[in-house]
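Remarks on the structure that follows.
The values are calculated or read from the model by the stated rules, or taken from the named source; none is laboratory data. The model shown is predicted, which means the values in this text are computed figures rather than measured ones. For neighbour counting, all protein chains shown are included, and Cβ atoms are generated from backbone atoms with ideal geometry for every residue, glycine included. Just the protein is used for accessible areas: all its heavy atoms, side chains included, with ligands, DNA and RNA removed. Shrake-Rupley method; radii C 1.70, N 1.55, O 1.52, S 1.80 Å.
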Amino acid sequence: MKRFSIIAAALLAGSCSSGGAGDDGRAEIYLQRFFGECGAEYGSATDVSKVEGECGIITAMINKFNAQNPDVRVSSNVVAWPGYPQLSAQMAAKDPPDLVTMHTGVISDYAAEGLLEPVEPYLREAGIAPAALTEASRSAVTIGGRLYGLPFDTHGGLFHINTKLFAEAGLMKNGKPVLPTSPEEMLAQARQFTERTGKPYLIQSLVGDNAYAARNVYTYMLAQNAVLFPDAHHIKLQTPQAERIVDFFRGITASGVSTRNQDTPAAIASFMSGEGGIYPTGTWMIGQFEAEANTPGRPLYHSYTVYPYPRLWGQDVSYVSGHAWVVPKRERTPEQRRAIARFFRFIAAHNYDWTRTGHLPAFKSVVESPAFKALPHRVNIAPVATTGRPLPGGVQRQNAIEGLVGEEVAAAFNGQKSTKQALAAAERRVNELLAQTD
């Protein structure tokens, strides 16, 4: 719905009022985030280097900020993923948090309603130059030439690879997997892999995972310089570029070199059990797969690596999204605004710590740093910080669009619809949705 059912949701809204200063005179800012709740394990942790995972790292970071800034108090509320129904309710009640974690693909929904502040004033106060951000992260928070969030990371799809099976298939060279450079080469390598290993080359989660199918279309359309959105209210999918992508992955699925009828948990289990060569999924799985690769006796032991999507058409481009810190509009004291800027400065200074989750850095200096390059596989995937492209910032309802495109395209990949039927249906459904936006 056009405004996320904000008015109805307001009836459920709770108060998160921040009065500016507490009884002890400290500036108070109210932060709302997802990434899970792990207070029992990390509730008092302040050494960020000794915690793991998204929840542990963000919890320790906030704890450390409070410990290092005694004149500021950041109180946190952890919401169930993704947290937007609660946020919309709080905004409708005119009582939003001061800081919120948000997927960059959602920012346009709130910015279009005038519910977010541009963050350039906070960045200036924090001493953060927009030019310090990677191209992928900066473009993901830019709408109409303004920045509506401090990027926290870049994330997207990668090729997670079982190197033991690739070696068995004769697809390793100088210790690295041989990846295709064209659709024809990918199909030939897939057939060679399956013939020699008896296992599928590609593990696909095509049941209930619309993001995977949409990610393939977005990535390879952007690589071909196809115009996905001629304007903010229309998508264009009935094109030769889209047809060749869908036809190809439809053929991969039908040819017997891919898994079929798997949802995401099944696909993850298949990859970790050594039941396939490549599992295309996100940056966020690096940590879990690397742990498997370092556990003796596990199928992935010393048999895992990861690379960006290979260039099959056009240029080296990857569709990406990311996380950002946004500032909802509300009245604030000068002390609170300075506190937000200080928090931004702290987050920027600790961007490396966050990259241990598997996500790519938001800052160029971190991408280029020896510490980041020393993390497992990061040298392999670092180019995505440059080649990554989000959808145009002015396009609203990006999450819903991904669901619609993914649903229709997955039906084509699975052979349930023809390529033309799927693309026509996806285009129609998305344009009907976008017609409801301003």
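Select from region 360-376 the residues that are out of contact with any Asp or Glu (no Cβ under 6 Å at 6 or more places or on another chain), assigned to a loop (DSSP other than H, G, I, E, B) and surrounded by fewer than 19 Cβ atoms within 10 Å (Cβ to Cβ) and list them in ascending order.
368, 369, 375
Considering only residues that are open to solvent by 30 Å² or more (accessible area, probe 1.4 Å), part of a loop (DSSP other than H, G, I, E, B) and touching a Phe, Trp or Tyr at 6+ places or on another chain (Cβ under 9 Å), look in region 71-117 and name the one that is modelled with the highest pLDDT.
By that ranking, first place goes to 113.
Quickly run through region 119-131 and pick out the residues that are surrounded by fewer than 18 Cβ atoms within 10 Å (Cβ to Cβ) and either outside any helix (DSSP H, G or I) or in contact with a strand residue (DSSP E or B) (Cβ under 8 Å, 6 or more places away or on another chain) (or both).
Scanning region 119-131 gives 120, 127, 129, 130.
Yes or no: residue 265 part of a loop (DSSP other than H, G, I, E, B) and either within 26 Å of residue 399 (Cβ to Cβ) or at pLDDT 95 or above (or both)?
no
Looking at 256, 277 in this structure, which one is among the small types (Gly, Ala, Ser), open to solvent by 40 Å² or more (accessible area, probe 1.4 Å) and touching a helix residue (DSSP H, G or I) at 6+ places or on another chain (Cβ under 9 Å)?
Every option except 256 fails the conditions.
Among the residues of region 398-417, write down those that are part of a loop (DSSP other than H, G, I, E, B) and open to solvent by less than 40 Å² (accessible area, probe 1.4 Å).
414
Being of a type in the set (D, E, K, R), open to solvent by 60 Å² or more (accessible area, probe 1.4 Å) and either modelled with pLDDT of 95 or more or touching a helix residue (DSSP H, G or I) at 6+ places or on another chain (Cβ under 9 Å) (or both), is that true of even one residue in region 8-23?
Checking region 8-23: not a single residue is of a type in the set (D, E, K, R), open to solvent by 60 Å² or more (accessible area, probe 1.4 Å) and either modelled with pLDDT of 95 or more or touching a helix residue (DSSP H, G or I) at 6+ places or on another chain (Cβ under 9 Å) (or both).
Within region 418-438, track down each residue that is modelled with pLDDT of 95 or more, exposed (fewer than 14 other Cβ atoms within 10 Å of the Cβ) and farther than 25 Å from residue 251 by Cβ.
432, 435
Taking only region 301-329 into account, find how many residues are under 27 Å from residue 214 (Cβ atoms) and outside any strand (DSSP E or B).
Within region 301-329, residues that are under 27 Å from residue 214 (Cβ atoms) and outside any strand (DSSP E or B) number 10.
Condition (residue is touching a residue at least 24 places away in the same chain (Cβ under 8 Å), hydrophobic (A, V, I, L, M, F, W, C), touching a Leu at 6+ places or on another chain (Cβ under 6 Å) and open to solvent by less than 20 Å² (accessible area, probe 1.4 Å)) applied to region 162-170: is it met by at least one residue?
no
Identify, by number, the condition in (1) among the charged types (D, E, K, R); (2) over 24 Å from residue 189 (Cα atoms); (3) crowded, with 16+ Cβ neighbours inside 10 Å that residue 244 doesn't meet.
Answer for residue 244: the failing condition is (2).
When you go through (1) within 29 Å of residue 433 (Cβ to Cβ); (2) of a type outside the set (Val, Ile, Thr); (3) open to solvent by 10 Å² or more (accessible area, probe 1.4 Å) one by one for residue 307, which number turns out not to apply?
Single failed check for residue 307: (1).
Working only within region 259-271, note down all residues that are in contact (Cβ under 8 Å) with a residue 60 or more places away in the chain, open to solvent by less than 50 Å² (accessible area, probe 1.4 Å) and more than 22 Å from the chain's Cα centre (by Cα).
The one that is in contact (Cβ under 8 Å) with a residue 60 or more places away in the chain, open to solvent by less than 50 Å² (accessible area, probe 1.4 Å) and more than 22 Å from the chain's Cα centre (by Cα): 270.
Taking the stated definitions as given, is residue 183 surrounded by fewer than 23 Cβ atoms within 10 Å (Cβ to Cβ), touching a Lys or Arg at 6+ places or on another chain (Cβ under 9 Å) and not hydroxyl-bearing (Ser, Thr, Tyr)?
yes
A quick yes/no check of all residues on (1) farther than 30 Å from residue 437 by Cα; (2) surrounded by fewer than 14 Cβ atoms within 10 Å (Cβ to Cβ); (3) at pLDDT 90 or above:
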residue	(1), (2), (3)
26	yes, no, no
32	no, no, yes
46	yes, no, yes
49	yes, yes, yes
69	yes, no, yes
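Yes/no matrix, rows are residues, columns are (1) assigned to a helix (DSSP H, G or I); (2) farther than 15 Å from residue 48 by Cβ; (3) without any contact (Cβ under 8 Å) to a residue 24 or more places away in the chain; (4) open to solvent by 40 Å² or more (accessible area, probe 1.4 Å):
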site	(1), (2), (3), (4)
331	no, yes, yes, yes
342	yes, yes, no, yes
348	yes, no, no, no
358	no, yes, no, no
386	yes, yes, no, yes
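Does region 190-207 include one or more residues that are aliphatic (A, V, I, L, M), at pLDDT below 95 and out of contact with any His (no Cβ under 8 Å at 6 or more places or on another chain)?
Yes, there is a match, as at least one residue in region 190-207 is aliphatic (A, V, I, L, M), at pLDDT below 95 and out of contact with any His (no Cβ under 8 Å at 6 or more places or on another chain).
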